[in-house]
């Protein structure tokens, strides 16, 4: 099994038709093309943040991909963003979410659940308590945490994540004072990098602007030492590009694969 798997945050975008996928290709064939032609062996599923899919949806995704293909699934927004955080995850939401994940779990193709918290989720005792309760919801499933607020860049955070077997999502995003800086750390058996782009028009901007950014090859080369360092200390590293506007994520993911092959970090 590959130590490093690289993919994108989502794969089914209207503006990828003609930029990533051939114009004639039917949407139902995009996922096969994503793996078989583009060569990606992992995918981060983001639509689960907005809606919990059916068991059948993930079963279909499994059928369209090989046994080596893995999925990372984003937690539903009720688990990370809504005001019910203080009350914990609603049991009916958790049951529905876990049921939907059934095909991925049964086939051993679920890499982890990604819990991306908003900027308003800051470093404070009650939020540490919530993270513990969230982990208890997914005892047997790897859980990776993505913070947006830079208040979490403290050794206490990384100690807590390690203690509770929680993964840390290393992010690259605009270098704005309030956002998380690029800070490569490993707190669990699974390494996780997420590249959002560096568009400075981040706050109060639609996703079409926020994620409109294409990394240059020189910018991506800056990350190679950190990726190598994390890879040396883990059994698996996932790298996802979330700068999805206009197909930039797919272009940068392919560029990163090329750079890692040239560096000897991956050999396929």
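Quick one: in region 1-17, of everything that is surrounded by 18 or more Cβ atoms within 10 Å (Cβ to Cβ) and out of contact with any strand residue (DSSP E or B) (no Cβ under 9 Å at 6 or more places or on another chain), which residue is farthest from residue 214 (Cα to Cα)?
Checking each candidate, the answer is 13.
Yes/no per residue for (1) touching a residue at least 24 places away in the same chain (Cβ under 8 Å); (2) surrounded by fewer than 15 Cβ atoms within 10 Å (Cβ to Cβ):
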{"residue": "80", "(1), (2)": "yes, no"}
{"residue": "92", "(1), (2)": "no, yes"}
{"residue": "96", "(1), (2)": "yes, no"}
{"residue": "104", "(1), (2)": "yes, no"}
{"residue": "126", "(1), (2)": "yes, yes"}
{"residue": "129", "(1), (2)": "no, yes"}
{"residue": "132", "(1), (2)": "yes, yes"}
{"residue": "140", "(1), (2)": "no, yes"}
{"residue": "160", "(1), (2)": "yes, no"}
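To keep it simple, each residue is scored yes or no on (1) at pLDDT 95 or above; (2) over 18 Å from residue 78 (Cβ atoms); (3) not in a loop (DSSP other than H, G, I, E, B).
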{"residue": "111", "(1), (2), (3)": "yes, yes, yes"}
{"residue": "126", "(1), (2), (3)": "no, no, yes"}
{"residue": "129", "(1), (2), (3)": "no, no, yes"}
{"residue": "145", "(1), (2), (3)": "yes, no, yes"}
{"residue": "170", "(1), (2), (3)": "yes, yes, yes"}
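Taking the residues in region 181-202 that are out of contact with any strand residue (DSSP E or B) (no Cβ under 9 Å at 6 or more places or on another chain) and surrounded by fewer than 15 Cβ atoms within 10 Å (Cβ to Cβ) as candidates, determine which candidate is modelled with the lowest pLDDT.
First, pick out the residues of region 181-202 that are out of contact with any strand residue (DSSP E or B) (no Cβ under 9 Å at 6 or more places or on another chain): 199-201.
In the following step, the residues that additionally are surrounded by fewer than 15 Cβ atoms within 10 Å (Cβ to Cβ) were identified as 200-201.
Values: 200: 87, 201: 82.
It comes out as 201.
Could you check how many residues of region 18-33 are over 22 Å from residue 62 (Cα atoms) and touching a strand residue (DSSP E or B) at 6+ places or on another chain (Cβ under 8 Å)? Full working, then the answer.
Taking region 18-33 and keeping what is over 22 Å from residue 62 (Cα atoms), we get 18-19, 22-24.
Then keep just the ones that are touching a strand residue (DSSP E or B) at 6+ places or on another chain (Cβ under 8 Å); that gives 23.
The qualifying residues number 1.
Quick check on my filter: what residues within region 167-180 are crowded, with 22+ Cβ neighbours inside 10 Å and touching a helix residue (DSSP H, G or I) at 6+ places or on another chain (Cβ under 6 Å)?
Within region 167-180, 168 is the sole residue that qualifies.
In region 213-231, is there at least one residue being more than 23 Å from residue 261 (Cα to Cα), surrounded by fewer than 14 Cβ atoms within 10 Å (Cβ to Cβ) and without any contact (Cβ under 8 Å) to a residue 24 or more places away in the chain?
Our first condition is that a residue be more than 23 Å from residue 261 (Cα to Cα); within region 213-231, this holds for 213.
From the residues that got through so far, the ones that are surrounded by fewer than 14 Cβ atoms within 10 Å (Cβ to Cβ) too are none.
Checked region 213-231: no residue is more than 23 Å from residue 261 (Cα to Cα), surrounded by fewer than 14 Cβ atoms within 10 Å (Cβ to Cβ) and without any contact (Cβ under 8 Å) to a residue 24 or more places away in the chain.
Filter region 38-68 down to the residues that are surrounded by fewer than 13 Cβ atoms within 10 Å (Cβ to Cβ) and closer than 23 Å to residue 237 by Cα and list them by number.
Within region 38-68, 66, 67, 68 meet the criteria.
Check 197, 191 and return the single one that is in a loop (DSSP other than H, G, I, E, B) and touching a residue at least 40 places away in the same chain (Cβ under 8 Å).
Details: 191 fails: in a loop (DSSP other than H, G, I, E, B).
When all the criteria are applied, what remains is 197.
Of all the helices (runs of 4 or more DSSP H) wholly in region 207-260, which have at least 3 residues that are over 27 Å from residue 165 (Cβ atoms)?
Values: elements: 207-210, 217-221, 224-231.
Per the criteria, 207-210, 217-221.
Mind checking which residues of region 126-165 are closer than 25 Å to residue 107 by Cβ and in contact with a helix residue (DSSP H, G or I) (Cβ under 6 Å, 6 or more places away or on another chain)?
137, 143
The values are calculated or read from the model by the stated rules, or taken from the named source; none is laboratory data. The structure presented is a predicted model; accordingly, all values stated were derived computationally and were not measured. Because the Cβ atoms are built from the backbone with ideal geometry, glycine has one as well, and the counts that use them run over all protein chains shown.
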